[in-house]
Amino acid sequence: RMSRKLFTSLLLLVIFCYESVEAQKKRETLLSEKVTQMMEWASKRSVIKMNGDKFRRFVKAPPRNYSVVIMFTALQPQRQCGVCRQADEEFQVLANSWRYSSAFTNKVFFASVDFDEGSDVFQMLNMNSAPTFLHFPSKGKPRRSDTYELQVRGFAAEQLARWVADRTDVQIRVIRPPNYAGPLLLGFLLAVIGGLAYLRRHNLEFLFNKSVWAFSALCFVLIMTSGQMWNHIRGPPYAHKNPSTGQVSYIHGSSQAQFVAETHIVLLFNAAVTMGIVLLCEAATSDMDIGKRKIMCVAGIGLVMLFFSWLLSIFRAKYHGYPYRYGQTH
C-alpha cells in the first residue's frame, strides 16, 4: 500500500514536471515568434503601425521580453490634428535613429496606434487626447512615469530620446536628416546685403545710421526674449486642441511650458509696448509741431497701457499666485 502511494506520487510529480517543461517550451516558442515578427516589421518600418489586434497580441499579452514605445495619434485629415503630424515627424526621427544605429537590438521597439485604426485601444486605455506617448515595459504594467509629459517637455526627438533612456536604459543618439534651409536662407540674406552694399557702394552712409542698428537690435532682443530659443530646444506644439470640446488653446496654463503661438503673441505684445515707449520718447524730444507731438503721446500711452495690461493677463494666467503680496512665499 505504501509503495502504491509512493508510485502514484512519483507519477504525478513526473506528469507535473513534464507539463511545466512543455508549458515553458510553448512560452519560449511563442516569445521567439513574437520577437521575430516584431523584428521583421521593424526592418520594414522603423515605427510599427498597430491596430487593436496587434496591440493586444504583441503588447498586452504575455510573454514579452521587450519594451514598446507607442505614440497614440490621429493623423487622418478629417481629425485636423496639426500637432499630431509635427509629433509624428519627430517620432519618426527618433525611431530611425534607433533602427539604423549599430546598437540596435530587440530590447525596445517603436510603434504607433492611429485613432481611426485602433479606436478600441484608445477606449481600452481610457485615452481621450492625441498625441500621447506611452512606454510599455518588458515586465509589469506601465507606471505614471511611463507616460511622456508632452505639454512640459515638448515632442522634440532629443527630449523623447532622454525619456526613453530613462525608462529603458537604451541610449539613442538622435541623427536628423540634413536640413539645408538654414544655410540657404543665410546665404540668401548675405547675398541680398552684399547686393545692396554693391549697388550703394558710393553711398554707404546707411551702414552708420543709428536708427537702422537700433531697429535691428530691437528685433533681435524681442525675438530672443519671447521664448524662441526655448521653442528651438524643446519643440513644443504650436497650440493645443481639446479633442473633447474642440477648443484651441494658444496660451499654456502652466509656467513650466509654452506653445509656439504663445511666443508669437508675447513677441507682438512686447513689440507694441516698445513702439509705445518709442513714440513717447519721440513726442518728448522731437521738433515737430505740438499737434503731432500730442497725437504721438496719446498713441504711445495707449499702446503701453493696452498691451502691457494684456501681458499682465498672460502672466496672471500662467502664474496663478499673481498678484504677489508682501510676505507671500512661492
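The values are calculated or read from the model by the stated rules, or taken from the named source; none is laboratory data. All figures in this text were calculated on a predicted structure; none of them were measured in a lab. Every residue, glycine as well, gets a Cβ built from its backbone with ideal geometry; the counts of neighbours run over all protein chains shown. Accessible surface areas use protein heavy atoms only, side chains included; no ligands, DNA or RNA. Shrake-Rupley method; radii C 1.70, N 1.55, O 1.52, S 1.80 Å.
With an 8 Å cut-off on Cα pairs and a minimum separation of 6 or more residues, tell me the relative contact order of the chain in percent. Don't skip to the answer; put the middle values down first.
On the way: 342 pairs, mean separation 46.2, N = 330.
Reported relative contact order: 14 percent.
Suppose the chain between E89 and D287 were pulled fully straight at 0.36 nm per residue; how much longer would it get relative to their current alpha carbon spacing? Walk me through the numbers before you get to the answer.
Details: separation 198, 0.36 × 198 = 71.28 nm, distance 5.59 nm.
Going from the current span to full extension adds 65.7 nm.
What are the equivalent ellipsoid semi-axes of region 151-202, built from the alpha-carbon gyration tensor (square roots of five times its eigenvalues), in whole angstrom, biggest first?
Sorted largest first and rounded, they come to 44, 11, 7 Å.
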task: Compute the long axis of helix 210-225 from its Cα atoms, compare it with the longest principal axis of the Cα atoms of the chain, and write down the angle in degrees, 0 to 90, nearest 10.
output: 30
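Is the shape of region 59-115 rounded, prolate or oblate, going by the alpha carbon gyration tensor and its root eigenvalues a ≥ b ≥ c, with a/c under 1.5 for rounded and a/b larger than b/c for prolate? Mind showing how you got there, number by number?
Working: a/c = 4.57, a/b = 1.50, b/c = 3.05.
Since a/c reaches 1.5 but b/c is at least a/b, the shape of region 59-115 is classed as oblate.
Under unit Cβ charges (Lys, Arg +1; Asp, Glu -1), what dipole magnitude, rounded to 20 debye, does region 209-318 have relative to its Cα centre? Can you show the working numbers first?
Numbers: 8 positive and 4 negative charges, 42 e Å.
For region 209-318, the charge dipole is close to 200 debye.
Nearest 5 is fine: what % of DSSP beta bridges in the chain come out antiparallel, could you say? Intermediate values should be presented prior to the final figure.
On the way: 8 of 19 bridges.
Antiparallel: roughly 40 percent of the beta bridges in the chain.
What is the ratio of the Cα radius of gyration of region 26-168 to 2.2 N^0.38 Å, with N the residue count, to two decimals? Intermediate results must be reported in sequence, preceding the final value.
Numbers: Rg = 14.4 Å, N = 143, 2.2 N^0.38 = 14.5 Å.
Against the empirical 2.2 N^0.38 Å value, I get 0.99 for region 26-168.
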- request: Bin width 5 Å, alpha-carbon pairs only: give the P(r) of region 47-87 as whole percents, running from 0 to the bin holding the largest distance.
  value: 5, 20, 24, 19, 14, 11, 6, 1
field: Exposure of D289 as accessible area (Å², to 10), given a probe of 1.4 Å and all protein chains
entry: 80
query: Per residue, how many Å² of accessible area does the chain show with a 1.4 Å probe?
result: 66
- prompt: Of C297, C281, C84, which has the most accessible area and how do the rest follow, probe 1.4 Å?
  reply: C281, C297, C84
task: Determine ³J(HN,Hα), in whole Hz, for all residues of region 110-121 in sequence, where each value follows from phi through the Karplus function 6.51 cos²θ - 1.76 cosθ + 1.60 and θ = phi - 60°; x replaces Gly and Pro.
output: 10, 9, 9, 10, 8, 4, 6, 10, x, 4, 5, 5
statement: With the dipole of the chain defined by +1 on each Lys or Arg Cβ and -1 on each Asp or Glu Cβ, the option from T168, F188, I70 whose Cα lies farthest towards the positive pole is T168
- prompt: Dividing the alpha-carbon radius of gyration of region 113-263 by 2.2 N^0.38 Å (N being the number of residues), what value is obtained?
  reply: 1.53
Ellipticity estimate at 222 nm from DSSP helix runs (n ≥ 4, -39,500 (n - 2.57)) divided over the chain, nearest 500: -18500 deg cm²/dmol
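Tell me the relative contact order for region 209-318 as a rounded percent, counting alpha carbon contacts under 8 Å between residues six or more apart. It would help to have the intermediate numbers written out before the result.
Numbers: 98 pairs, mean separation 25.3, N = 110.
Reported relative contact order: 23 percent.
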Derived scalar couplings ³J(HN,Hα) [region 132-146; Karplus, 6.51 cos²θ - 1.76 cosθ + 1.60; whole Hz; x for Gly, Pro]: 9, 10, 10, 10, 9, x, 5, 10, x, 8, x, 9, 4, 6, 7
query: Considering amide H positions built from the backbone, and no H for Pro or chain starts, which residues 5 or more places from Y238, or on another chain, come under 5 Å of its amide H?
result: V260
field: Net dipole in debye of region 26-168 [+1 Lys, Arg Cβ; -1 Asp, Glu Cβ; about Cα centre; nearest 20]
entry: 580
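For region 209-318, what is Rg from Cα atoms divided by 2.2 N^0.38 Å, rounded to two decimals? Show your work: numbers first, answer last.
Numbers: Rg = 17.4 Å, N = 110, 2.2 N^0.38 = 13.1 Å.
It is 1.33.
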- prompt: If you compute P(r) over Cα pairs in 10 Å bins from 0, in percent for the structure shown, which of [x] 5, 24, 31, 22, 11, 5, 2, 0; [y] 5, 23, 30, 26, 13, 2, 0; [z] 5, 17, 21, 18, 15, 11, 6, 3, 2, 1, 1, 0, 0 do you land on?
  reply: [z]
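Quick check on region 26-168: of the DSSP beta bridges with both residues there, what percent are antiparallel, nearest 5%? Show your work: numbers first, answer last.
Numbers: 6 of 17 bridges.
Percentage antiparallel, nearest 5: 35.
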statement: Longest principal axis of the chain (C-alpha) makes with the long axis of helix 2-44 (C-alpha) an angle, in degrees to the nearest 10, of 30
task: Return the lysines within reach of K54: Cα separation strictly under 26 angstrom, same-chain partners fewer than 8 residues apart disregarded; answer none if there are no such residues.
output: K25, K26, K34, K44, K107, K139, K141
